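Here the structure comes first, spelled out in structure tokens, and everything after it is commentary.
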Amino acid sequence: MPPALSIALAACGGLLLGSVVNLIVQRLPRQRPLFGRPACTRCGRLLSWEALPILGYLLQRGRCRHCGGRIPYVFPLAEALTAAVFGVLAWRMLGLPGLGAPLSVWLAAFYAIYALALILTLFLDWLHHDIYYLILTPPTILAIVAPLLGVDARLDIRSTLIGLGVGLLFFGLLFVAGQVLFRSQALGLGDVWLAGMIGAMCGFYGALMALAAGIVLAALGAGMLLLLRRAAPKDYMPYGAYLCLAALGYLCFFGP
């Protein structure tokens, strides 16, 4: 299969899974069944072609054709982001020397599991201000056992465990410092476990890069919101979303 076709198929798969991400992000916080036919978030009408990834949003011009309610822009954004990440992962894996097409596809699918967990957590924290251990735990376990199973010869169990420890320890200290020094919860425990998952995924050096980039992105994002008066100093800041964005960037362009 030509590399360009493989990348296009990966991006299309990401586009479809982006729709699944939207369903989970909308339904999990509301404790509704995660899967099933999509419906308008305003009028509740079941959707057919309107649920097509990105295309349905564009054809409806951003408004539900049944009730006229505005469709949240995060729907096409999540679909486009998932498609882009899957396409880039396929491109990177196909470009690795010494790997045939089947192994490249397998590795791309393996890292796509990490990417899905990060994208889900990104939008759940951004929209609903919550991070779910249900989503963090499976990829963390996968990251720990993957070097032992030989999923990718470049993975090293020591780097994985040290990266896990770095994420948990550093953000755990930030969590405790916020409680003791400022008597406020600047970070939640979900952010701590998320940092641990990212450390396990990226390994020691990758964890340093991804977590540092996440802190910088969070500072820039918070500063911009405050400058534009879109948020107050005591408002919730989705630090987890910035960490996820930085980790996605690392996986796509630098890692593992």
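We did not get these values from a lab; they are worked out from the coordinates using the rules stated. Model, not experiment: these values are computed from the prediction. Here the Cβ positions follow ideal geometry from the backbone for every residue, glycine too, while neighbour counts run over all protein chains shown.
Here are the numbers for this structure:
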item: Selection from the range 5-54 of residues that are hydrophobic (A, V, I, L, M, F, W, C), out of contact with any helix residue (DSSP H, G or I) (no Cβ under 9 Å at 6 or more places or on another chain) and in contact (Cβ under 8 Å) with a residue 24 or more places away in the chain; result: Cys43
item: Helices (runs of 4 or more DSSP H) within the range 47-138 that include 2 or more residues closer than 23 Å to Ala195 by Cα and not hydrophobic (A, V, I, L, M, F, W, C); result: 101-128
item: Gly56 out of contact with any strand residue (DSSP E or B) (no Cβ under 7 Å at 6 or more places or on another chain) and either acidic (Asp, Glu) or at positive phi (or both); result: no
item: Hey, Val105 among the aliphatic types (A, V, I, L, M), closer than 15 Å to Gly249 by Cα and surrounded by 14 or more Cβ atoms within 10 Å (Cβ to Cβ) or not; result: no
item: Hits in the range 1-60 (condition: closer than 30 Å to Ala108 by Cβ and hydroxyl-bearing (Ser, Thr, Tyr)); result: Ser6, Ser19, Tyr57
item: Filter result (without any contact (Cβ under 8 Å) to a residue 12 or more places away in the chain and not in a helix (DSSP H, G or I)) within the range 147-183; result: Gly150, Ala153, Phe182, Arg183
item: Answer from Gly87, Gly62 - the residue that is among the small types (Gly, Ala, Ser) and within 24 Å of His128 (Cα to Cα); result: Gly62
item: The range 235-254, residues that are free of Cβ contacts under 8 Å to residues at least 60 places away in the same chain and over 19 Å from Ile131 (Cα atoms); result: Gly249, Tyr250, Phe254
